[in-house]
Each structure stands twice: as structure tokens, then as C-alpha cells.
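Inspection log for the structure reproduced underneath, given as C-alpha cells.
Nothing in this text is a laboratory measurement; each read-out follows from the coordinates by a stated rule. Because the structure is a prediction, the values reported are computed rather than measured. Neighbour counts run over all protein chains shown; Cβ positions are idealised from the backbone, glycine included.
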Amino acid sequence: MFSSTIKFITFLLITLIGINVSCQSNDEKQSEYNFSQVDEIIQSAIEDGAFPGAVVLVSHKGKIVYEKAFGHLTYDDTSAIVTTNTIYDLASLTKVIATTTAAMICYDRKLFSLDDPVAKYIPEFAQNGKENVTIKNLLLHNSGLPAFKRFYKKYSSADEVYKDIYATQLNYKTGNKTVYSDLGMITLAKVIEKVTGKKFDEFCEEEIFEPLGMNSTFFNPPDSLKYRIAPTEIDNYWRHTLVWGKVHDETAALLGGVAGHAGLFSTAEDISKLLQMLLNKGKINGKQFIKQETVKLFTTRYSNSSTRALGWDTKSEVNSTAGDLFDISSFGHTGFTGTSVWVDPIRKLFVVFLTNRVYPTRENKKLYKVRPALHDAVINALE
């Protein structure tokens, strides 16, 4: 009897210790490095009202060395705390996590050539002088298409948006300059649908998210996961409600929540799986997921005329969101809602930084000074 009691108590203690360790690792991964400066920057930013909460993940040489959640889902202290499992609206990170990766896969499978005219797959796109715009132009953001349009002020359906884009006149001669364009990436997602014969979200789920184990990555996340999702903006101009669990971007909302420029929701750890694959030159879990040459082609600055790679951006000499210390070969991207990823291939390093800085309003721009400081602090911690 006494022996059985001791065994039961021992079992309970082990179980409780296990639960405690599990809960701790959910909020923060312990590290051999001193990331106290990162902690201070994020805590200070929350106190300053730059964003109500955040998740920061740092991977170095194939190992997650820092993963920590901060703050709450909103500025109300009674709202749920952010955890490392919190799901964020990625906004324009969709362009690289989904659309560019899908384009890499299509390119690998020879479903299209980068020099193919877009009109080869979407004949309506040839209107108003766009017949020579190529898939490469869409990826480089030098097609001549405008940056964006406020479609929600004119239209109420996806068909109207696509018809407008296909009929849009170019703002400048194709290839003459670089203008970061939502319209180009929306169009590219439609090309991907044409060549794969699948809906864009289905293709991404089957060919990217599921194979990489990105189990908390979605377009149109289910309502059952709303409790894990950080709300974005209190929309006082179109939807007249708190946008929470639905895509923040107005055009993506008109397009049913699935678009090439915005619409994706994910966690830091899910994103890290894709970034690690890219750092591994396309290989993950012993499998060549994307050809090594394709990864290099898409993540290397294309020319000296801009910082753009194919889909991805690269680090600028000055005023980069990656800060001053990331290598010039680094590639990354940002999202309007307050998200960013930066990858330093020389250091075998990447940083995922997720916030909902647009809560309660997009007018809050305090995040912009936090990003470079954070990335510099990461380098200081590692070196």
C-alpha cells in the first residue's frame, strides 16, 4: 500500500512538472544566448502603444534559439494573452509565403516560364497595352500596374475586381521602374490557378502548407480558431465592425478571403518551417521540396535598379526594416498588419516578427522604428 502511494505521488509530480515545462515552452524557448535586449525592445514598444502583443521567433543554424510571446490580443488587460500559438493576419507576407512559393513550385514543374506573357494564361489581361507584361514582371513589381486600388469603394464582388484589374491601364512602361503592386500579385495567383487547375488556396494547402507541416496556416481560418487569432482593426469606414478572424485587407475580403497579395493567417512557428526550407536551399526533412537553383533565383536581388528579388525583397543599404546588421544578401518581406520575416543566408539566420499593430487603427505607425531595432538586437545577441 505504502509503495503504491509513493508511486502514485511520484507519477503526479512527474506529470505536473511535465505540464509546467510544456506551458513554459509554449511562451518562450530557452536559449544559450542573451536576448534581454530583444525582450526590452518589445516590452517597451507595447508600453508605448506600438502594438498590443507580439510573437518573435529567431532561428540560427537550423535551431530555434528564441521564441517568445508578449502582451495581449488587445490593449485591454482582460483580453487573452498572446502565446506562441497565436495566429496573425499576415497581410502582404501572403505574397511570399503563399504566392511566391507557389510560383517557385510551378516554375520547377515547368508549368510556366518566367518570360511567358501573363496574357498567355489570362487573355483578358492583354487589354490596354498589357500584352507584353510577363510573369517575371509581376514578381519583380515592374509591370507598370498601379500599386493598389480602393476597389471596396466601387465594387461588391470578386468578378468586378478581376475585370477591373484585367482592364487596368499601365501607369508606366513595363520594366522602366519598380512600383510594389498588389494588383500584380493578385494576377499571379490567378495564373497559378490556370496552370495548376486548382483553386489558389487548395493548391497552397496541398503543395505547401500540408507537406511542410504548417498546420495553423490558412486562408479563411475556421471560426473554431477565432480565440487564437489576433484581431486587427476596428473598421469604421467599410465593414463598421472589429475585424477579427476575417482578412483585414479590403481587396482580399472582396475576393473571398483568398488572394495573391493578402489573406493568409499563420503562426510564427509555421512560418519558420517554410523559411528553414528556403535556408536549406529548398530541402526539408531529407526531401528536395524546391530545386536549389530555384530558391537562389527567387531570393537573390535581380538587378541594381531596385532591391527586388522575384517575389521577395532584399535588404537595402539604408533604412531597411532588417536594420543595419543583417547581411546585404538578406531577403525578407513585411505585412501591413504588422508582420515581417527576414532571412540572413550568410549567418543561417531568420527572424519572424508578428504583431497586430493595426489594432485598433492603421494610423498607428510606431511599429516602423521597432523593426530595425529588433533585428539589430538579434544580431547583437548572437554575436
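Report Rg/Rh for region 95-218, rounded to two decimals, where Rg is the Cα radius of gyration and Rh the Kirkwood radius. Using Cα coordinates only, the ratio equals 0.97.
Here is the tail figure for region 206-354: Cα pairs spaced more than 24 Å apart come to 39 percent of all pairs.
Ordered from longest to shortest, the equivalent ellipsoid semi-axes for the chain are 37, 23, 21 Å, each the square root of 5 times a Cα gyration tensor eigenvalue. Modelled spin-label separation between Ser113 and Asp39, with each label point placed 7 Å from Cα along the Cα-to-Cβ direction: 5.6 nm.
Which order do peptides 366-373, 241-248, 122-129 fall in by mean Cβ count within 10 Å, highest first? Intermediate results must be reported in sequence, preceding the final value.
Details: 366-373: 17.9, 241-248: 20.1, 122-129: 14.8.
Per-residue mean Cβ counts within 10 Å order the peptides as 241-248, 366-373, 122-129.
Computed from the alpha carbon atoms alone, the convex hull of region 224-281 holds 105 Å³ per residue. Here Lys348 is the anchor, and the lysines within straight C-alpha reach of less than 22 Å, apart from those fewer than 8 places off in the same chain, are Lys29, Lys61, Lys63, Lys68, Lys273, Lys281, Lys283, Lys287, Lys291, Lys296, Lys315. Taking the average, over residues, of other Cβ atoms within 10 Å as the packing measure, peptides 348-356, 136-144, 279-287, 227-235 rank 348-356, 136-144, 227-235, 279-287 from highest down. Size check on region 287-337: the Cα extents along the three principal axes, sorted descending, read 36, 28, 20 Å. Reducing region 132-199 and region 282-334 to their Cα centroids gives an inter-centroid distance of 22 Å. Remark: region 322-374 is approximated by an ellipsoid whose semi-axes, taken from the C-alpha gyration tensor as √(5λ), come to 24, 10, 7 Å, largest first.
Straight-line cross-link reach from Lys120 at under 15 Å between alpha-carbon atoms covers these aspartates and glutamates, not counting any fewer than eight positions away in the same chain: Glu131, Glu193. The calculated FRET efficiency for Lys226 paired with Ser305, based on their beta-carbon distance and R0 = 45 Å, is about 0.55. Only helical runs count toward this figure. For the chain, summing -39,500 (n - 2.57) over DSSP H runs of n ≥ 4 and dividing by all residues gives -10000 deg cm²/dmol at 222 nm.
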